[in-house]
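Colleague: Can you read through this structure? Questions will come right after.
The values are calculated or read from the model by the stated rules, or taken from the named source; none is laboratory data. Since this is a predicted model, take the numbers as computed values, not measurements. A quick note on method: Cβ atoms are made from the backbone with ideal geometry, for glycine too, and the neighbour counts reach across all protein chains shown. Side chains are part of the model used for accessible areas, which takes the heavy atoms of the whole protein and leaves out ligands, DNA and RNA. Shrake-Rupley method; radii C 1.70, N 1.55, O 1.52, S 1.80 Å.
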Amino acid sequence: GGTGTFSILNGLKKYSEHIYAVVTMADSGGSAKKERDEWGLLPNSDIRKSLIALADISSDDSLLLRQLFQYRYSNQKGISGMSFGNLFLATLTKLLKSQKKAIEKAGELLNIKGKVLPVTMDKINLKAIYENGSEVLGEHFIDEPQHDGRLAITKLSTHPYARATKEVIRAIIKSDVIIIGPGGFYTTILANLVIDGVVEAIQKSKAKKIFIMNLMTEYG
């Protein structure tokens, strides 16, 4: 996810250069909607935040590059609310003809300490089923419900079916420590765990597992 993952990665990079950030691809609100619907891309915002968190800031140039990736346009028609980092990743994807390669190249340019891995390369939406039997499709509408937010979620899945990448499975199994959270319980944490192959890889891994609780309760 975004804020929680950013904080964790920002701290971890002081102790290790072998960090794998496994990022959810279910984001559907804000700039993610434009990226998905208009440009046919997977959402880049959480990818960008993880790249920035792991970026080298040892020199003025590297610090400026990190600030550039964080810059958000405010009054420009068509891209208002979007960040330079998202536009950079979208453009790089077009040039390299691969979003996966674009993320890797951005990591090289930012000299990140580790790797940022999309949990899946499948285009998905989160689907929540609530205790009254109603269904909601889309991370944004689960995170900020338009219905009675007191209703409990009884089942979470993806639409369509999605499989974790081989790189993610390999990273989880070979890790020494697996840190889960903090972040939105359904839209960040479970959004990764409902991707086929992730839970099995965690169970198979001999890594020490650490789950960081959230500070507050949330809808669902």
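Colleague: How big is segment 120-180 in terms of Cα radius of gyration and Dmax, in angstroms?
Modeller: Cα only, segment 120-180: 15.0, 42 Å (Rg, Dmax).
Colleague: Show me 100-106, 213-219 ranked by packing, highest mean number of other Cβ atoms within 10 Å first.
Modeller: The peptides rank, most packed first, as 100-106, 213-219.
Colleague: Between segment 145-162 and segment 173-209, what's the alpha-carbon centroid distance in Å?
Modeller: 19
Colleague: Sticking with this one: Taking every pair of Cα atoms in the chain, average 1/r, invert it to obtain the Kirkwood radius, and report Rg/Rh to two decimals.
Modeller: Values: Rg = 17.2 Å, Rh = 18.0 Å.
So for the chain, dividing Rg by the Kirkwood Rh gives 0.96.
Colleague: So if each residue of separation counts as 0.36 nm, and I subtract the Cα-Cα distance between Q67 and N214, what length gain in nm does that give? It would help to have the intermediate numbers written out before the result.
Modeller: Values: separation 147, 0.36 × 147 = 52.92 nm, distance 2.76 nm.
Here the answer is 50.2 nm.
Colleague: May I pose another question? What ranking, highest mean first, results for peptides 151-162, 113-124 when packing means the other Cβ atoms within 10 Å averaged over each residue? Don't skip to the end; give the middle numbers.
Modeller: Numbers: 151-162: 14.4, 113-124: 20.8.
Ranking, from highest mean packing down: 113-124, 151-162.
Colleague: If you take the C-alpha gyration tensor of segment 94-150, multiply each eigenvalue by 5 and take the square root, what semi-axes do you get, largest first, in whole Å? Write out the running numbers ahead of the final one.
Modeller: On the way: eigenvalues 253, 33, 17 Å².
Three semi-axes, in Å: 36, 13, 9.
Colleague: Out of the total accessible area of the chain (probe 1.4 Å, heavy atoms of protein only), what percent is carbon and sulfur?
Modeller: It is 54 percent, rounded to a whole number.
Colleague: Along segment 115-120, what does the Karplus equation 6.51 cos²θ - 1.76 cosθ + 1.60 (θ = phi - 60°) give for ³J(HN,Hα), rounded to whole Hz, x for Gly and Pro?
Modeller: Going residue by residue, I get 9, 10, 10, x, 4, 8 Hz, with x marking Gly and Pro.
Colleague: If you don't mind, there's one more thing I want to ask. Might you report the magnitude of the Cβ-based charge dipole of segment 145-220 about its Cα centre, with Lys and Arg at +1 and Asp and Glu at -1, to the nearest 20 debye? All intermediate terms of the calculation are to be shown ahead of the outcome.
Modeller: Working: 10 positive and 6 negative charges, 73 e Å.
Using Cβ point charges on Lys, Arg, Asp and Glu, segment 145-220 gives about 360 debye.
Colleague: Quick one: in segment 1-77, what % of C-alpha pairs are over 22 Å apart? Kindly include the intermediate steps, with their values, before the conclusion.
Modeller: Working: 899 of 2926 pairs.
Across segment 1-77, Cα pairs with separations above 22 Å total 31 percent.
Colleague: Note down the magnitude of the dipole of the chain about its Cα centre, charges +1 on Lys and Arg C-beta and -1 on Asp and Glu C-beta and zero elsewhere, to the nearest 20 debye. All intermediate terms of the calculation are to be shown ahead of the outcome.
Modeller: Values: 29 positive and 23 negative charges, 132 e Å.
Here the chain has a charge dipole of around 640 debye.
Colleague: Rolling a 1.4 Å sphere over the protein heavy atoms, what is the accessible area per residue of the chain, to the nearest Å²?
Modeller: Counting only protein heavy atoms, the per-residue value for the chain is 56 Å².
Colleague: For a Förster distance of 41 Å, can you work out the FRET efficiency between the beta-carbons of E135 and D60, rounded to the nearest 0.05? Can you show the working numbers first?
Modeller: Values: r = 51 Å, r/R0 = 1.24.
Efficiency, from the Cβ-Cβ distance: 0.20.
Colleague: Right, another one. What does the charge count around G149 come to, taking other residues whose C-beta lies under 13 Å from its C-beta (Lys +1, Arg +1, Asp -1, Glu -1)?
Modeller: Values: positive: R150; negative: E131, D143, E144, D148, E218.
With Lys, Arg at +1 and Asp, Glu at -1, the neighbours total -4.
Colleague: Report the dimensions of segment 132-220 along its three principal axes from the alpha-carbon atoms, largest first, rounded to Å.
Modeller: If we take the Cα atoms of segment 132-220, the spans are 42, 31, 18 Å.
Colleague: Here is a further query. Report the rotationally averaged projected area of segment 57-109 based on its alpha-carbon convex hull, in square nanometres.
Modeller: 4.1
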